[in-house]
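Notes for the one structure printed next.
Read-outs throughout are calculated quantities, based only on the coordinates presented, and are distinct from any laboratory measurement. Everything quoted here is computed from the prediction, not taken from an experiment. Every residue, glycine among them, receives a Cβ derived from its backbone with ideal geometry; neighbour counts consider all protein chains shown.
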There are 2 protein chains.
Amino acid sequence: MNTINLDYISANPLLPEVQEAMIEAIKKNHGNPSSPHQLGEQATEVLEQAREKAARLINCASPQELVFTSSGTESINHAIKGIALAKAGKGKHIITSNIEHNAVLKSLRRLMKMDYRVTSVSVNEYGLVNPDDIAKAVTDETILVTIMHGNNEIGTIQPIKEIARITREKDILFHSDAVASVGVMPIDVQYLGVDLLSFSSNQFNGPSGVGGLYIRRGVSPLPLIDGGAQEDGRRAGTENLIGIIGMGVAADIAFREMECRVEHARKLKDRLIRGLKESIEDIIINGHPEFSLPNLVSVSIRYIEGESIVLMLDEKNIAVSTRSACASGALRASHVLLSIGREYADAQGTLVISFGRDTKESDIDRFLDALREAVEFLRNMSPLYKKAKAE
Amino acid sequence: MNTINLDYISANPLLPEVQEAMIEAIKKNHGNPSSPHQLGEQATEVLEQAREKAARLINCASPQELVFTSSGTESINHAIKGIALAKAGKGKHIITSNIEHNAVLKSLRRLMKMDYRVTSVSVNEYGLVNPDDIAKAVTDETILVTIMHGNNEIGTIQPIKEIARITREKDILFHSDAVASVGVMPIDVQYLGVDLLSFSSNQFNGPSGVGGLYIRRGVSPLPLIDGGAQEDGRRAGTENLIGIIGMGVAADIAFREMECRVEHARKLKDRLIRGLKESIEDIIINGHPEFSLPNLVSVSIRYIEGESIVLMLDEKNIAVSTRSACASGALRASHVLLSIGREYADAQGTLVISFGRDTKESDIDRFLDALREAVEFLRNMSPLYKKAKAE
């Protein structure tokens, strides 16, 4: 039986067109874009074509506002550390939220060891940041606000435009980690008003290990990787041209298909949430009911362990996740779920179901059937469940 | 007419076996190694197989000593900045040489803005560092020595083992940028005695945009990219698995073919140097006559501009370079050539000819013919040449 991938947030399959373009690039054996001869010129042309496509997906004012990186994580590190170091003369205070991705959290922790101060605003029960809290947290020392766009664990989408209004007014730079959003829903950096925005190719069926960082014209984070003059001196190192070509094609298709893609995901999401509510009792759907990524559902299933469900479903060739793949291996409960007020036990009983372009309604139905069985089995063994039901 | 690539140092063509493996990986659509289900396990297996192969190429004591990065440049940044930040408590002094790659130079410049002190030792006319100079430069504050293995512009190979003896004795960490050497000649990190060593997949016919950093067990540079737990917490970000698979295959073949590869390159190098000396007067072969990379020849052709020769050869579909592709776009004369005592004008008249596994003797001969013509043409127009000959 084919594996049903409902863990798109960890890994999107490559689109056939992306596969084709990457295979063609491998066969063509492009040169180094920095070389001064024909082989270099041809490679540069291909690189810049990909940049145009990726830049258009997020509506950069010019392709030169887009820097290619090796991952969303690198983009986030580059934006946060790069602005922190560039602006240290002005101040060392940064504002973030309690539900950011590890790449943001750990970049900030690194800076805190270098005497930067970080204020982390809390979120409400739906995971929403209140823009007023950001405004209140601003001090004369504040140099950067970094708030994610769509949350990768619960899907909640932050009021980025409202936050940008505040940062613009106060002349503070604003970075948004949009790794979980770009390619999944329309993202327009000019409409949002952000100064920096991080994203990753794999979230829209491009290859892993390729990311993008939008840097608004006039904004200059220090490079994270110093060396040659690649990427206009903003990111050194010979380019992963094969991956970048794949990202370009994936971005182009995501741009053109966006409307259908969102509609398709919304339909699946509705079906999934309806199915969950109908077939399993004592569950909590996490995240905001309206301001939320269309391709992801987080559900806390009370009285059991998410890890056990993942294993049982895995045996039936259904891939789901308990949380961000980047946080796997960490046994603690998700800081995102705790931040929206989930109890520790409920946080441990949480599944993240994420899907994409190729997911079918029948996949959702097969998952729901398998989940129902797994939950029944696990709850029958759960002393917690028995105790709760006896009360 | 087919293009003759004599600029391997900028871009090696992919081996057919590497192309095949990457194409297979693209078709297979691997998952995310960090995922907790089957798709993740399969991806992890593939990732670790590649790590074993790449680690064997440089004779790591264990594959876990190898971290995958997005380029040689990232590896160098990670090693230098990571050790500098990790060891700041002990001191802020770093020793390097005058002929390092831009990735080293610019990483060090970044640190100098953070109050680190750098001593740069000079090299002799062949580009050799004297280990005694390193020993003399050491102070109580010294935390790191970073000296490249093979120079990417003139080919000179440094006495790494002798330098390592000094750093070990004085309990200072030693990093070597071996980007131009790994895969080109045997490199054994245990024999050399280095603590960190940077290299890049493309120098041995693997894909661009994939690098490796050897970190000796027990050595802990701070991560350059913070976030998820990938690479044992040493380098966050979802892996470029397709590229890494290509690197693994390329490393495996380089390891098995090493002896033939070196012999083939040496033969071409001898033929090229002999041809240059026989057919063009007033030239200088740069670099050490013995301790030198087998796949690269640097020649200063007096009275003319290297850039003009590159353009003329390019019209005849022969790709050569005037210097490192990473430094192209910079109009200044090469700091490496000035450091070994070349006059400014001679430095500007320098070509770097680099070749590899698929280069044929006839390619060298065709290049020599075309070069002879180009030099004659350019010198006939050169007032400098006429003046020199009139004297």
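Structure above, values below:
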| read-out | value |
| --- | --- |
| Whole-angstrom gap from the stretch B:274-308 to the stretch B:10-29, using each part's C-alpha centre | 34 Å |
| Averaged over B:20-30, number of beta-carbon atoms from partner chains that fall within 10 Å | 4 |
| Cβ neighbours within 10 Å from other chains - mean over B:230-239 | 6 |
| Estimated vicinal HN-Hα couplings, Hz - the stretch B:122-136 in sequence order (Karplus 6.51, -1.76, 1.60; Gly, Pro = x) | 7, 10, 7, 4, 8, x, 8, 7, 9, x, 4, 5, 5, 4, 5 |
| Charge dipole of the stretch A:16-254 about the Cα centre (unit charges at C-beta), most positive-ward option of A:Ala164, A:Ile95, A:Ala254 | A:Ile95 |
| Dipole of the protein assembly as shown [Lys/Arg +1, Asp/Glu -1 at C-beta], most positive-end residue of A:Ala43, A:Leu111, B:Tyr344 | A:Leu111 |
| Long-range HN-HN contacts of B:Thr69 with modeled amide H, under 5 Å | B:Gly211, B:Gly212, B:Leu213 |
| Dipole of chain B, positive end: most advanced residue of B:Leu296, B:Val194, B:Ile273 [Cβ charges, Cα centre] | B:Val194 |
| Value of Rg/Rh across the protein assembly as shown [Cα atoms, Kirkwood radius] | 1.01 |
| Helix-only CD estimate at 222 nm, as mean residue ellipticity for chain B, using -39500 (n - 2.57) per DSSP H run (n ≥ 4) | -13500 deg cm²/dmol |
| Relative contact order, percent, the stretch A:6-128 [alpha-carbon distance under 8 Å, six or more residues apart] | 15 percent |
| Degrees, to the nearest 10: B:160-169 long Cα axis against longest axis of chain B | 40 degrees |
| Degrees, to the nearest 10: B:306-315 long Cα axis against longest axis of chain B | 90 degrees |
| From phi via Karplus (6.51, -1.76, 1.60), per-residue ³J(HN,Hα) for the stretch B:144-156 in Hz, x at Gly/Pro | 8, 10, 10, 10, 6, 7, x, 6, 7, 10, 10, x, 4 |
| Per-selection Kirkwood Rh - the stretch B:16-254 (Cα, Å, 1 d.p.) | 18.0 Å |
| Reachable aspartates and glutamates, given that their alpha-carbon falls under 14 Å from the alpha-carbon of B:Lys389 and they are not under 8 places away in the same chain | B:Glu281, B:Asp282, B:Glu376 |
| Pairs from A:Lys277/A:Lys387; B:Lys136/B:Lys170; A:Lys28/A:Lys53; A:Lys87/B:Lys113 whose Cα-Cα separation, in the structure shown, is over 18 Å | A:Lys277/A:Lys387; A:Lys28/A:Lys53 |
| Helix axis angle, B:102-112 relative to chain B longest principal axis, alpha carbon, degrees | 60 degrees |
| Kirkwood-based shape ratio for the stretch A:1-157, expressed as Rg/Rh from alpha carbons | 1.06 |
| Check: the stretch A:16-254 dipole with +1 on Lys, Arg Cβ and -1 on Asp, Glu Cβ, in debye | 620 debye |
| Placed amide H near A:Ile4: partners under 5 Å, 5+ positions off or other chain | A:Ile318, A:Ala319 |
| Likely footprinting exposure, B:Val299, A:Val145, B:Val184, fewest C-beta neighbours within 10 Å first | B:Val299, A:Val145, B:Val184 |
| Axis-nearest residue in chain A [Cβ, rotation onto B], distance in whole Å | A:Ser70, 2 |
| Neighbour-count order for A:Thr359, A:Thr238, A:Thr3, fewest beta carbons within 10 angstrom listed first | A:Thr3, A:Thr359, A:Thr238 |
| Mean separation of Cα contacts under 8 Å (6+ apart) over length of chain A, as relative contact order % | 23 percent |
| The stretch B:68-144 - charge dipole about Cα centre, Lys and Arg +1 at Cβ, Asp and Glu -1, debye rounded to 20 | 400 debye |
| Simple Cβ-charge dipole of the stretch B:278-327, Lys/Arg +1 and Asp/Glu -1, about Cα centre, in debye nearest 20 | 160 debye |
| Most mobile of B:Val210, B:Val336, B:Val219 in a GNM of chain B (Cα contacts under 10 Å) | B:Val219 |
| Packing-based ranking, highest mean first, of A:19-28, B:374-383, B:348-357 given that Cβ atoms within 10 Å are counted | B:348-357, A:19-28, B:374-383 |
